[in-house]
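Visitor: Take a look at this one; I'll ask things after.
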Amino acid sequence: MALRPMRHSGYSVLTFGALALALGVCVSWLVTAPFGGKWEPVIQTLALVAAISGVFAERRAAAQERERQTLQALADELLKNTGILDDTRFGPLDPLRPTHRVFPRLVLSATDAALISGVLADRAHGRLRAVLYEWRDAVHELNRRLDLAELRSFVADAQHAELLAADRELRRENGYLDQVVQLRDRLETLLRERYAHDAGVAWRLDRLPSQAGGEPDAPTPTG
């Protein structure tokens, strides 16, 4: 990740360097014009180099801004899904008084957008893409299982024993819910290790329940 700012800086140096050289040659040309016009092709060449490198620099800056927005959106979505997973409806049922439940659903809009848009297609994001694909599949499967659990509970008017059995199945070790929780933890760890240098990502990760402290209503950084 450290190579990206360096690459962008290289384009900037090339652009302004070529423009500075072109300015210097223009000044020199004004002084030496009576003795010949050899500087004109040089000035045109430097101007073209500056213009072309400026286009690459602008595109690179735009790509970095899209990456930044995508990563912050993923951090926002992680924060929201963490709150959903902490919902009391995902807790164990009271064995003496099990009740019918309507579960909240996890969201994947930022994940789908990040994978479909190709913003993270760079090889440097390979680990993140792999985790996001696993995360998306696991969340889709969990949401489908929640649909089935609710259908079984309300339509079939399940009795206490059936409700408790469905609850155990949902929360069993290495079950659908457990897999989603583990992938959520992996995604948070990866964002912290690889992308927390971005102030916006770090601020959002610090709002997670396990990390929240200080002032939860602090203003969102814009940089």
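Visitor: Report the Cα-based extents of segment 134-210 along its three principal axes, largest first, to the nearest Å.
Guide: 51, 20, 18
Visitor: Eigenvalues of the Cα gyration tensor times 5, then square-rooted: what semi-axes does that give for segment 97-151, in whole angstrom, largest first?
Guide: Working from the Cα gyration tensor, I get semi-axes of 31, 10, 8 Å.
Visitor: Related question: Subtracting the Cα-Cα distance from 0.36 nm times the residue separation, let me have the gained length for R127 to I84 in nm, one decimal.
Guide: Answer, rounded to one decimal: 13.0 nm.
Visitor: Hey, another quick one. Can you run the Rg to Rh ratio on segment 55-157? Use alpha carbon positions and the Kirkwood inverse-distance Rh.
Guide: Radius of gyration relative to Kirkwood radius: 1.15.
Visitor: If you don't mind, there's one more thing I want to ask. Could you look at segment 50-184 and say what percent of its accessible area is carbon and sulfur, using a 1.4 Å probe and all protein chains?
Guide: The computed percentage sits at 54.
The values are calculated or read from the model by the stated rules, or taken from the named source; none is laboratory data. The structure displayed is predicted, hence computed values, not measured ones. These area figures cover heavy atoms from the full protein model, side chains too; ligands, DNA and RNA do not enter into them. Shrake-Rupley method; radii C 1.70, N 1.55, O 1.52, S 1.80 Å.
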